[in-house]
Amino acid sequence: MSRRASFSLLSRAKLRPRTCSPRLFTTRPGASTLNLTAQQRSTFSSSSKAEVTHQNGARSWTLIVAAATALCIASFGAGALLFKPSSSSNHSTSRLGAPISYASHSEMLAAADEIAQLLGSDWVSFDSDVLEHHGYSEWSTSNSPVRAVAVVYPKSTADVSNIARVCTKWRVPMIPYGAGSSVEGNASQPHSGICINLSLMDKIVEFHPEDMDVVVQPGVNWVDLNARIAHAGLFAPLDPSPTATIGGMVSTNCSGTNAMRYGTMKDWVLSVTVVMPDGTVVKTRRRPRKTSAGYNLTSLFVGAEGTLGIVTEATLKLAPIPQDTRVAAVAFGSIREAAAAASKLIRSGIPLAALELMDDVQMKMLNEHGSEAVRKWNWAEKPTLFIRFSGTTEAVESDARRASEMVRQLTRGSSEFRFARSKQDETDLWAARKEALFTMLRIRPEGTEIWSTDVAVPLSRLAEIIDLSKKECGQLGIFASVIGHVGDGNFHVAMMYDPQDTNQKQAVAKCVQNMMRRAIDMGGTVSGEHAIGIGKKQCLVDELGQDTINLMRDLKRAVDPLGIMNPGKVFDLTT
């Protein structure tokens, strides 16, 4: 296979389905800023690596001990605002004023050449289509205009360590890449560099069914994992995008519809093996469910978005597959009524497995454009709660009856549960919730973009903020809808707008900013699950304050003094 191996053969990754996410600053497919000229490729192919020298950026890793006092940063959140791309210069500045200088374009190519010698040329790609796919996401809220100079495909922790050592030597930014399904530009390349695609590291390393845990590489897809361990009656209970892989799930502290009952990724990660920026390999802890041995380094890396190191193995707790499940949907007269009912159901003590909300716009869209299995339900075009119950058969039936009676009392009989009567009905009913985002993007008018963002608030303020946000975005005269994981106080707003219409774009931006402000004023967070990436950095400052951001910067500089691990994400290393 040649160095310029085709995208389809080398990455094994098909283009991902589009999901509900905006594009705030984008470069269109085929418009890569780093399409290499013949002369550049010739220069790369020569022995330029022997002609170029660079100061070795290796450093002692002992600073991590001092830095680990700030482990609580792993579970912060923020919201989407307009991304202002970094300068095309390869220079940044730390909080302490020390300049950060990245390798030049030719030096990055020389580093990629050195990596090709270590991994083999088959596992390093310079193909412009491959670079574009890894640097641009059609469903992302934020895309940088710059692309990596190469994509590399390690197959082991040792490979990743070797890549990191070379990148440290040349001061080349490293950008970990999983499934590419993140929505905030988490894997974009604002400073160029080398993209590290972890999809070939897709092995289940160890499975301990009696201990209810599993050790996996970062390229393992969570759906595949659950299918492969189902025979043991166990599963990993996170359910983000079906394309998501474990490395990205760890790095963004993902969640999904099951978060109401099972929590988020941070609750299921026992240990991670991480390659640090200089190539050092660390394992944060061992397999027991509890430990008091040293700092909780695992939490340092869960949610760090690859800015501190690259996760190459993760030890995950597993949960028993519930004996039985049941799903239902119930429509309400208004979005506030639905949100209020959701809050009361949560506080009732009924152990719901999932509680999701879709507004009237979403339900109308499903009736008109959903799959055949979804359309057959002939949905009421009203705000609708989707509810899943799980547990023993007896408990599920009891919980469903209690929830149904509570809703009937709240609405004085005006709202009735529609229960799935068979397992196929369950699949089809719940598909309405799972298909919503894909359907919305499929019907998007040509030339429009989708701006999607999420917030999470304390349960007591949930109905209020959803009602206010729904009313404001509904007044814009464009497609605007509310959907979300209301079971844990998290919801999303999605709006289709014309990016060429300045007034319309500004109106959408103002609506989003107001939503962020409300969430903070209500004691909430400007993102429940999207992480920060490049799209939510200013919101993170608004939520946490500059002193907290400065602490994060200090931690970043302690473990990554050259600033080469996924630079430009979460916060900027600027004054």
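Overview of results
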| item | result |
| --- | --- |
| With DNA, RNA and ligands ignored, accessible area of LYS434 (1.4 Å probe; Å², nearest 10) | 80 |
| Cut-off 11 Å between beta-carbons: net charge of the residues surrounding TRP379, Lys and Arg +1, Asp and Glu -1 | +2 |
| Filtered GluC sites (Glu not before Pro), the stretch 399-504: DSSP coil and at most 12 other beta carbons within 10 Å | GLU446 |
| Those lysines that a straight Cα-Cα span of less than 26 Å connects to LYS382, excepting residues fewer than 8 apart in one chain | LYS344, LYS364, LYS423, LYS434, LYS470, LYS471 |
| Net charge dipole size for the stretch 310-457 [Lys, Arg +1 and Asp, Glu -1 on Cβ; Debye, nearest 20] | 400 |
| Summed side-chain charge close to THR525 - residues other than THR525 whose Cβ falls under 13 Å, Lys, Arg +1, Asp, Glu -1 | -2 |
| Tail fraction, Cα-Cα pairs, the stretch 475-575, threshold 24 Å, whole percent | 37 |
| Residues of type lysines that LYS290 reaches as a straight line, Cα spacing below 19 Å, ignoring anything fewer than 8 places off in the same chain | LYS266, LYS317 |
| Charge tally in the Cβ shell below 15 Å around LEU429, where Lys, Arg are +1 and Asp, Glu are -1, LEU429 excluded | +2 |
| Shape category assigned to the stretch 300-437 from the gyration tensor of Cα positions, a/c cut at 1.5 | prolate |
| Rounded, prolate or oblate (a/c below 1.5 giving rounded, otherwise prolate when a/b exceeds b/c) for the stretch 397-524 by Cα gyration tensor | oblate |
| The stretch 281-350: GluC sites (Glu not before Pro) falling in loop per DSSP and having at most 14 other Cβ within 10 Å | none |
| Rule-of-thumb Rg ratio for the stretch 213-265 [Cα; 2.2 N^0.38 Å; N residues] | 1.05 |
| Packing-based ranking, highest mean first, of 548-556, 324-332 given that Cβ atoms within 10 Å are counted | 324-332, 548-556 |
| Rh by Kirkwood over Cα pairs, then Stokes-Einstein D for the stretch 452-531 at 1.567 mPa s and 4 °C, µm²/s | 103 |
| Global form of the stretch 377-431, assessed from the alpha-carbon gyration tensor, a/c cut-off 1.5 | oblate |
| Loop-located trypsin sites (Lys or Arg not before Pro) in the stretch 466-525 whose Cβ has at most 10 other Cβ within 10 Å (DSSP) | none |
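The values are calculated or read from the model by the stated rules, or taken from the named source; none is laboratory data. Note that the coordinates shown come from a computational prediction; the quantities given were computed from them, not determined experimentally. Using ideal geometry, Cβ is built from the backbone for each residue, glycine included, and neighbour counts are taken over all protein chains shown. These accessible areas exclude ligands, DNA and RNA; they are computed on the full protein's heavy atoms, side chains included. Shrake-Rupley method; radii C 1.70, N 1.55, O 1.52, S 1.80 Å.
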